[in-house]
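The values are calculated or read from the model by the stated rules, or taken from the named source; none is laboratory data. None of these values were measured; they are calculated from a predicted model. Every residue, glycine as well, gets a Cβ built from its backbone with ideal geometry; the counts of neighbours run over all protein chains shown. Please note that ligands, DNA and RNA were not included when accessible areas were found on the heavy atoms of the full protein model with its side chains. Shrake-Rupley method; radii C 1.70, N 1.55, O 1.52, S 1.80 Å.
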Amino acid sequence: MNLSARLSALAGASALVLGAFAGAVPANAAPASPAAPAAVTPPDISVTNVKQHLADLQSIANANGGNRAHGRTGYKASIDFVKAKLDAAGYTTALQQFSYNGSTGYNLIADWPGGDPNQVVMSGSHLDSVTSGPGINDNGSGSAAILENALAVSRAQLQPTKHLRFAWWGAEELGLVGSKYYVNNTPSTERAKIKAYLNFDMIGSPNPGYFVYDDDPTIEQTFKTYYAGIGIPTEIETEGDGRSDHAPFKNVGVPVGGLFSGADYTKTSAQAQKWGGTAGQAFDRCYHSSCDTSANINDTALDRNSDAIAYAIWNLSSGSTTPPPTGTVFENTADVSIPDAGAAVTSSVTVSGVSGNAPSNLAVGVDIVHTWIGDLVVDLIAPDGSVYNLHNRTGSSTDNINQTYTVNASSEVANGVWKLRVQDKASADTGYINSFKLTFP
Ligand code: DTR
Ligand code: ZN
Ligand code: ZN
């Protein structure tokens, strides 16, 4: 059951704060007409402001033994720093204390007054670092990005349909301690009102990838739609569930999602080809190290992810859906079975209302459920029959292709029938086309 089906499943007001989630980017929208006027347009989040917050967190670490870890003075100074900004911006804030390893830990919960008390859209990041360094990417980046988003909500005096809540977690590095404490100490009637929990842990990695959590489909689609709208391909975050603060929420049935720019895993050559950066090098070589400082940030990734957060918060908390930041989407979500070692099959979309030629950064969303993708050849076929190869039997035993490719289709007339052609070239593994989407920026 996707998130949309969960809407209005619950009712009831709450003491601490409020809300249920309703309204979202439909995960299986039929081919859209040219983008309708945006119902709610998120602001551009200033990466300069986000970096200033990171500089402040760096200064805090410098003044407190070089880290911002649980139980150390640097962590409490960090939480006080964030709380002061939110209090000044009109948030209702609460410090939630817990004990771990003989030290007092703190979660900061900040609620933006207003919105439906039974529909909460919640964003969270852990604020603690490891003891070995200042933790600017891990996880000053997520903490600073949601802080600036919260301040942008205040500056805009946003009055969303749903209720907005933000959280900064303690002791994540010791095992998701703070977020677990929050979930375990929030009554189930309150938890049920949280209709979306968005997690941001490492979103400015110096050799960045653009990963989207593949937990709740509506939240996943929201982030993928944003990135498709700016022509940046994304991948599903596959480093494993349970590795950050969304896990306690997911474990009690809260719809979760989030963004990730990578940690100690190595960027492949295919990833470097689509995202830039350095193949064969970790997404963040300073992961959990003393060199995770203000210099350990890719500004472009931090900027894009901060804006993607705004798109999700504004869109998921509004009563209506906002089209992609730019662009027109055409999608076919009909499943098409792929014959094992058989003939090619296709999924088609009919593009209309787009004048002239297709763009040089046509976003091609491919969602194929199939074991061993090394069997597959995947092509985009333009209306005139031109073939653009997207995947040619790479990936060996990896399962599923769920990716947005950027294709230079500027020599093609935009309007007409575009096809996604898939052929399984080897036996024993099977699957189907789940969806095919074109986004014209
Ligand atoms: N556990 C996080 C870093 C991390 C590793 N894999 C993922 C996947 C998704 C989000 C975060 C992470 C930490 O060290 O804080
Ligand atoms: Zn960490
Ligand atoms: Zn982290």
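Among the residues making up region 164-186, a single one is basic (Lys, Arg) and either within 11 Å of ligand 1 (Cβ to nearest atom) or in a helix (DSSP H, G or I) (or both): Lys180.
Based on what the data block shows, is Ile79 open to solvent by less than 30 Å² (accessible area, probe 1.4 Å), more than 26 Å from the chain's Cα centre (by Cα) and either under 30 Å from Lys437 (Cβ atoms) or at pLDDT 50 or above (or both)? The answer is no for Ile79.
Of the listed requirements (1) crowded, with 19+ Cβ neighbours inside 10 Å; (2) within 16 Å of ligand 1 (Cβ to nearest atom); (3) among the hydrophobic types (A, V, I, L, M, F, W, C), Trp314 misses just one: (2). Arg285 - would you say it is within 25 Å of Ala69 (Cβ to Cβ), open to solvent by 50 Å² or more (accessible area, probe 1.4 Å) and free of Cβ contacts under 8 Å to residues at least 60 places away in the same chain? Against the criterion (within 25 Å of Ala69 (Cβ to Cβ), open to solvent by 50 Å² or more (accessible area, probe 1.4 Å) and free of Cβ contacts under 8 Å to residues at least 60 places away in the same chain), Arg285 does not qualify. Confirm whether Ala110 is modelled with pLDDT under 95 and either under 21 Å from Ala312 (Cα atoms) or crowded, with 22+ Cβ neighbours inside 10 Å (or both). In short, no. If you filter region 149-186 down to residues that are surrounded by fewer than 21 Cβ atoms within 10 Å (Cβ to Cβ) and among the basic types (Lys, Arg), you find that the one that is farthest from ligand 2 (Cβ to nearest atom) is Arg155. Tallying residues that are open to solvent by 20 Å² or more (accessible area, probe 1.4 Å) and either among the hydroxyl-bearing types (Ser, Thr, Tyr) or more than 16 Å from ligand 2 (Cβ to nearest atom) (or both) within region 242-255 yields 4. Filtering Thr93, Thr189, Thr131 for residues that are within 16 Å of ligand 1 (Cβ to nearest atom) and either surrounded by fewer than 20 Cβ atoms within 10 Å (Cβ to Cβ) or part of a strand (DSSP E or B) (or both) leaves a single hit, Thr131.
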